[in-house]
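A short write-up of the structure that comes next.
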Amino acid sequence: MKSKKKLQWMAIKIDLEKAYDRVRWDSVEASLNAVGIPSYLVKIIINVILSSFIHVLWNDVPTKKFRPVRGIRQGCLLSPYLFVFCMEWLGHRFHASFSSGEWSPIRLSHTRSNLSHLFFADDLVIFSQANLTHSGLFKNFLSNFFELSSQKVNVRKTNIFFSTGVNKSVRSKINDMLGFQEVNDLGHYLEISLFHKRVTNGIRNFLVERVRSRLSSWDAKRLSFAGRVTLAQSVLLAIPSYLMQSTLVPKGICDSTKELARQFIWEVAEGKRKLALVGWNKICQPKLHRGLGFR
């Protein structure tokens, strides 16, 4: 029986240096026009961006205001959308190269779609075959995009991960070409581990302690029963739900979270016992069945 050829893949997690501050205004206007935003609305948005002024505090005294030449305001509700439009240029470049057969993305399985990149605002992860051809293409893609948008890679925080089938000589050549740091684990993407390992007690304690930290800032005695129920349902029981979207969570995590939520609802101090007025299974029933609709 023939042995399967080891797959040679690489994943690159990119960190952009001061991403919002480096956005060029002409690239924002070009992005808005490219997606079909009406011209009158584009002019309004650009005028809002151009109307910004900056003061610099020097010895606690503000200097004369001046107008920046690029960048979008952090904290503005419109800025994330404008930034996403600008980043779409890079995403379209990957899609075009994939459609033409120039770029080979990762195949997740025989029945699933291929994966070439993950973009969420300024959090970027690129997937491709680990060879010099794809490394050269990737470098050209970034160079063209950065010339258009004035973005810049933070080399110290940008990491590259290779699959076990990539030999050391190829890794060394790719690292020299791209100039990124090779790592054995890319860490987290949107607070979710990119490489799922066995769920240990460390992860369990992390989730439970996060629930406890929320409880420490709330005073149950100052809240009505309806307020405690709302906080428990919308905050406490929702904390492990995000991790559950991509990881199998042990039953112990759910039980510990449920116990803390139950204690908060009935104003029970941790370590003490108090009779619950309604059974947990009852309040987990839908509201149509006279429950509280807890997950």
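The values are calculated or read from the model by the stated rules, or taken from the named source; none is laboratory data. Every value quoted in this text rests on a predicted model; they were computed, and no experiment measured them. Cβ sites come from the backbone with ideal geometry, for glycine too, and all protein chains shown count toward neighbours. SASA here: full protein model, heavy atoms, side chains in, ligands and nucleic acids out. Shrake-Rupley method; radii C 1.70, N 1.55, O 1.52, S 1.80 Å.
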Largest to smallest accessible area among 292, 237 [probe 1.4 Å]: 292, 237
Rounded to the nearest 10 Å², what accessible area does residue 102 have for a 1.4 Å probe in the complete protein model? 80 Å²
Restricted to Cα positions, what overall size does the range 9-102 have along the principal axes? Three whole-Å values, descending. 57, 38, 20
Could you work out [θ]222 nm for the chain from helices alone, using -39500 (n - 2.57) per DSSP H run of at least four and dividing by all its residues? Round to the nearest 500 deg cm²/dmol. -12500 deg cm²/dmol
Between residue 155 and residue 121, what length in nm is gained on full extension when 0.36 nm per residue of separation is reduced by their alpha carbon distance? 10.4 nm
If amide hydrogens are placed 1.01 Å from N in the peptide plane, which non-local residues have theirs closer than 5 Å to the one on residue 182? 160
Among the chymotrypsin sites (Phe, Trp or Tyr not before Pro) within the range 19-65, which fall in a DSSP loop and have no more than 11 other Cβ atoms within 10 Å of their own Cβ? 53
With 30 Å as the limit, write out which pairs from 221/287; 18/168; 13/251; 18/64; 18/258; 43/152 have Cα-Cα distances beyond it, or answer none. 18/168; 13/251; 18/258
Angle between the chain longest axis and helix 132-149 axis [Cα atoms, degrees, rounded to 10]: 90 degrees
Read through the labelled values (1) 24.2; (2) 25.3; (3) 13.8 and report the label of the one computed as mean projected area of the Cα convex hull in nm² from the structure. (2)
I'd like the accessible area for residue 122: 1.4 Å probe, protein heavy atoms, all chains in place, Å² to the nearest 10. 50 Å²
Cβ-placed point charges (K, R +1; D, E -1), dipole of the range 9-127 about Cα centre in debye, nearest 20: 200 debye
Sequence gap at least 6, Cα distance under 8 Å: using those rules, report the relative contact order of the chain to the nearest whole percent. 19 percent
Measure nothing but the geometry: give the 0 to 90° angle between the long axis through the Cα atoms of 201-216 and the longest principal axis through the Cα atoms of the chain, rounded to 10°. 70 degrees
Positive dipole terminus of the chain, leading residue within 110, 141, 38 (C-beta point charges): 110
In degrees between 0 and 90, to the nearest 10, how far off the longest principal axis of the chain does helix 168-178 point, with axes built from Cα atoms? 80 degrees
Using the Karplus equation 6.51 cos²θ - 1.76 cosθ + 1.60 (θ = phi - 60°), what ³J(HN,Hα) coupling, rounded to whole Hz, does each residue of the range 282-293 give in order, writing x for Gly and Pro? 5, 6, 7, 6, x, 5, 5, 9, 6, x, 9, x
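Once the piece of chain linking residue 92 and residue 51 is laid out straight, how much longer is it, given 0.36 nm per residue of separation minus the C-alpha distance between them?
11.7 nm
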Could you pull the accessible area for residue 84 with a 1.4 Å probe, rounded to 10 Å²? 60 Å²
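Rounded to a whole number, what % of the accessible area of the range 221-295 do carbon and sulfur atoms account for, probe 1.4 Å?
58 percent
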Could you give the accessible area per residue of the range 113-170, probe 1.4 Å, as a whole number in Å²? 48 Å²
